[in-house]
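Chemist: Pasting a structure here, questions to come.
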Amino acid sequence: MVPFLEEALAFVSAWGLLYAIWRARRLSLERKGLQIYPFLIIWKKASRDQWFPGFSRGKGYRAFETISIGLAVLSMTLGIYLILYTLFELSVLRPQAQVVKLEPIIPGVTVSLNQVPYLLVALVLSISLHELMHALSSTSQGIKVKNGGLILLAIFPGAFVEPDQDDFSSKPLASKLKVISAGIAINLVLAAISLALLSMAVSMFSHGVLIVRVVGGSPAQYAGLKSGDVIVKVNGTAINSPTQLGKLTSSGLPLILTVIENGHISSIAVTPENGKIGVYITDYFAPSIAGPIVDLLDWLFIVNFSLTMFNGAPLIITDGGKLLTELLRPIGGENVAYVVQTMLLLAFILAIGLSI
């Protein structure tokens, strides 16, 4: 049997066993707040009414809440644009070019298994902070936090908090928007911080340029370059980023590359065509702690950017959807909000389907 199919069968069997155990002991497990469905575990318990009131009611946090509404509206706008633009590219421009895709994260399929630990850590940190901000803003706005808990969707962990719905409904619009927006805003802030730290880490730790793939019939192939080779110098000048190599090849002049191949250093002459030598490249990190740091920062950016864009977009199941509903409620626009969310959710699902 194909290894991937064996792993998939084992995964489905494990979930089936968990679900069977839950069905057999349903009443006792539900009393403990545990619910198990196919590929979904939910553990819920009553939460404290208030979360860090001294901090959440301070001037600094309340200033953040005010700013968070603007950040959430920005994220909602960008999320709508990204979904519609991606759908347009995939459905209208696909015969000419396909640049943007919405690929689901599937370990072993769209994500290599060695990246899964970094993905899980990034998810736990990002979702936990997201939900914490909802709890803090609930306390800040005088809304009791009713429940909290943990979820496991397939292999992806998460957390949630539930403000008291009666308290939430009785509050003015500004308070509702702050509670909804806080989670979206913190993911946008985390994405920006992660990207800045990632850029710094790459410039600090990169030790060359790794060749991922060589284009057939290219100058690189004729020169003898292969996937896995690491370019560390060009004409005697050390390079540590793809940008540096691109600037040097754009001149079109003959180049002498210092290359590491399987631990051996060699010099290879190559002359670019149209400013390119015909390789797909990325940053190279020598075996050290640098690689895991960069991988974690990379996933922190990807996860938080994705949460910002798609949780911020007004889909039926997202914070962006709640935000749009509350914005339109004062003018009786709940039905309009529902129609917009439904249509955008369908566009989102279609864009993912076309990306696969």
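The values are calculated or read from the model by the stated rules, or taken from the named source; none is laboratory data. Note that the structure is predicted; figures quoted are calculated from it, not measured. Here Cβ is always computed from backbone atoms with ideal geometry, including for glycine, and neighbour counts include all displayed protein chains.
Chemist: Restricting attention to segment 37-64, report how many residues are among the aliphatic types (A, V, I, L, M) and in the same structural domain as M133 (by TED's automatic domain parsing).
Modeler: 1
Chemist: Additional query: Of everything in segment 325-356, what is within 26 Å of V92 (Cβ to Cβ), among the hydrophobic types (A, V, I, L, M, F, W, C) and touching a residue at least 60 places away in the same chain (Cβ under 8 Å)? Give them in sequence order.
Modeler: L344, A347, F348, L350, A351, I352, L354, I356
Chemist: List the number of the failed condition for V100; all other conditions in (1) in a strand (DSSP E or B); (2) modelled with pLDDT under 85 hold.
Modeler: Result: V100 passes all but (1).
Chemist: Next question. Give the residues of segment 301-339 that are hydroxyl-bearing (S, T, Y) and crowded, with 22+ Cβ neighbours inside 10 Å, sorted by residue number.
Modeler: Residues satisfying the conditions are T308, T318.
Residues checked against (1) under 13 Å from Y284 (Cβ atoms); (2) over 14 Å from the mean Cα position of the chain (by Cα):
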{"position": "A174", "(1), (2)": "no, yes"}
{"position": "I184", "(1), (2)": "no, no"}
{"position": "M200", "(1), (2)": "no, yes"}
{"position": "L210", "(1), (2)": "yes, yes"}
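Here's the yes/no breakdown for (1) within 16 Å of V215 (Cβ to Cβ); (2) of a type in the set (K, R); (3) assigned by TED's automatic domain parsing to the domain that holds P219; (4) touching a Ser or Thr at 6+ places or on another chain (Cβ under 7 Å):
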{"residue": "P254", "(1), (2), (3), (4)": "no, no, yes, yes"}
{"residue": "V259", "(1), (2), (3), (4)": "no, no, yes, yes"}
{"residue": "G263", "(1), (2), (3), (4)": "no, no, yes, no"}
{"residue": "S267", "(1), (2), (3), (4)": "no, no, yes, yes"}
{"residue": "V270", "(1), (2), (3), (4)": "yes, no, yes, no"}
{"residue": "G278", "(1), (2), (3), (4)": "yes, no, yes, yes"}
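Chemist: What helices (runs of 4 or more DSSP H) completely inside segment 108-213 contain at least 2 residues that are polar (S, T, N, Q) and without any contact (Cβ under 8 Å) to a residue 60 or more places away in the chain?
Modeler: Passing ranges, in order: 165-170, 173-205.
Chemist: What's the number of the only condition in (1) closer than 30 Å to G16 by Cα; (2) modelled with pLDDT of 90 or more; (3) not hydroxyl-bearing (S, T, Y) that G148 fails to meet?
Modeler: Against the list (1) closer than 30 Å to G16 by Cα; (2) modelled with pLDDT of 90 or more; (3) not hydroxyl-bearing (S, T, Y), G148 comes up short only on (2).
Chemist: Right, next: Hey, can you tell me all the residues within segment 183-213 that are crowded, with 18+ Cβ neighbours inside 10 Å and of a type in the set (S, T, N, Q)?
Modeler: Hits for segment 183-213 are N187, S194, S206.
Chemist: If you don't mind, there's one more thing I want to ask. Out of everything in segment 151-172 that is surrounded by fewer than 19 Cβ atoms within 10 Å (Cβ to Cβ) and among the β-branched types (V, I, T), what residue ends up being modelled with the lowest pLDDT?
Modeler: Restricting to residues being surrounded by fewer than 19 Cβ atoms within 10 Å (Cβ to Cβ) and among the β-branched types (V, I, T), the top hit is I155.
Chemist: Something else about it: Among the residues of segment 305-313, is any in the same structural domain as V189 (by TED's automatic domain parsing) and either over 25 Å from H134 (Cβ atoms) or not in a helix (DSSP H, G or I) (or both)?
Modeler: yes
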